[in-house]
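Please read the structure below before turning to the comments.
The values are calculated or read from the model by the stated rules, or taken from the named source; none is laboratory data. On a predicted model such as this, the values are computed, not experimentally measured, just so you know. Ideal geometry is used to build each Cβ from the backbone, glycine not excepted, and the neighbour counts take in all protein chains shown. Side chains are part of the model used for accessible areas, which takes the heavy atoms of the whole protein and leaves out ligands, DNA and RNA. Shrake-Rupley method; radii C 1.70, N 1.55, O 1.52, S 1.80 Å.
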Amino acid sequence: MAFITITGFPCSGKSRRVGQLRAHLEIRLRSPVYEGPRLKVAVVSDDTLNIPRSVYGDGRAEKSARGALFTAVQRQMGQDTILIVDSMNYIKGFRYQMYCAAREHKLRVCTVFVAATQEQCKAWNASRQDGRAYAPETLENLMMRYEEPSSMVRWDSPLFTVPWIDEDVPIDDIWKAITEGNVKPPNAGTQAVPKAPTDALRTLEHTATTIVAAIMSEQASSGGIAGGRVTLSLSPTLKPTVNLPARSLTLSELQRLKRQFVTVHKKAITLGTTEKGVVDWSEESVAEKFASYIEGNLKP
Ligand SMILES: Nc1ncnc2c1ncn2[C@@H]1O[C@H](COP(=O)(O)OP(=O)(O)OP(=O)(O)O)[C@@H](O)[C@H]1O
């Protein structure tokens, strides 16, 4: 039914906010005036998966913890659940990956940004009594790497920011987003017949490569800066549009985005989300996904 992504600095009070949010949601779902479907509220977090904070000091362990979180999130997504993912979710690409999974499950989505100053997080971390404190250098490092959400990109929106001084979460707005918000279709085009994973992987790689080449050629033919809304003519029938910054783009930055994009989706394909029959790995859909990924990740 709905998927709520929590994001924020380490030790910024995310779990505390999730506690407030969960309590509000349960009260509303039990209220006699609630006439919607029967729903349960579920939370997936580092703690529900027994992931210790120490993984954030070790790249490989962190990566595998993120994989475990994503698998658990995918398993618990469903029409009968309001699922909250209570973790830092500090990587844009990871939030995007979960957003795509939510779309595939036809869920309403929203993001809650738990905002606290670095000093506040450090102070809370230092006085933490639950045995879950971060090592000070890990805390520092995570704050540096943190990629703030933006209401301008599809996968973070609608975005609700809860400053640390606020008493409570903006439950009315969140409730509206998850009960009345738009359910985005898995893709903009037609619902395609699911493809075999090998086909999907080929299309993914090939379409992204073609888009990178098309952007470079568009840029060359417009004198070095394409800028603005650009239509890419990939084939007579496939002409996605993409919004580009008004500056010269380098091949290596586009290739880096391509590699990130392919990695994120490769995971989704090999994890078997294609088998649910609702995922479209057609060229049109991949082109649309990659165009929006580029828009959200290119530096202005
Ligand atoms: N508003 C607040 N006032 C006082 N203490 C707070 C507040 N918010 C959080 N804390 C304290 O900060 C610590 C971390 O809180 P919490 O577990 O909610 O943060 P978190 O962001 O979920 O942490 P983590 O990054 O480890 O998941 C706890 O000891 C908690 O008591």
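Computed quantities for the displayed model
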| read-out | value |
| --- | --- |
| Value of Rg/Rh across the range 2-180 [Cα atoms, Kirkwood radius] | 0.95 |
| Kirkwood Rh and Cα Rg combined as Rg/Rh, the range 197-297 | 0.99 |
| Loop-resident sites, the range 1-64, for GluC sites (Glu not before Pro), counting at most 16 other Cβ within 10 Å (DSSP) | E35 |
| Percent RCO, i.e. relative contact order, over the range 92-164, from Cα pairs under 8 Å lying at least 6 residues apart | 52 percent |
| For the range 197-297: accessible area per residue (Å², 1.4 Å) | 46 Å² |
| Span per principal axis, largest first, for the Cα atoms of the chain (Å) | 59, 47, 32 |
| Percentage relative contact order, the range 197-297, counting C-alpha pairs under 8 Å, at least six apart | 36 percent |
| In nm, spacing of pseudo-spin labels at L29 and S64 (7 Å Cα→C-beta vector) | 3.3 nm |
| Point-to-point label distance, K184-R229, nm (Cα→Cβ direction, 7 Å offset) | 1.8 nm |
| The range 197-297, dipole about Cα centre (Lys/Arg Cβ +1, Asp/Glu Cβ -1), debye to the nearest 20 | 280 debye |
| Mean residue ellipticity (222 nm) of the chain, computed from DSSP H runs ≥ 4 via -39,500 (n - 2.57), nearest 500 | -15000 deg cm²/dmol |
| Stretchable slack from I171 to K267, in nm (0.36 nm times residue separation minus alpha-carbon distance) | 31.2 nm |
| Distance in nm between pseudo-label sites at R256 and Q79 (7 Å out along the Cβ direction from Cα) | 4.3 nm |
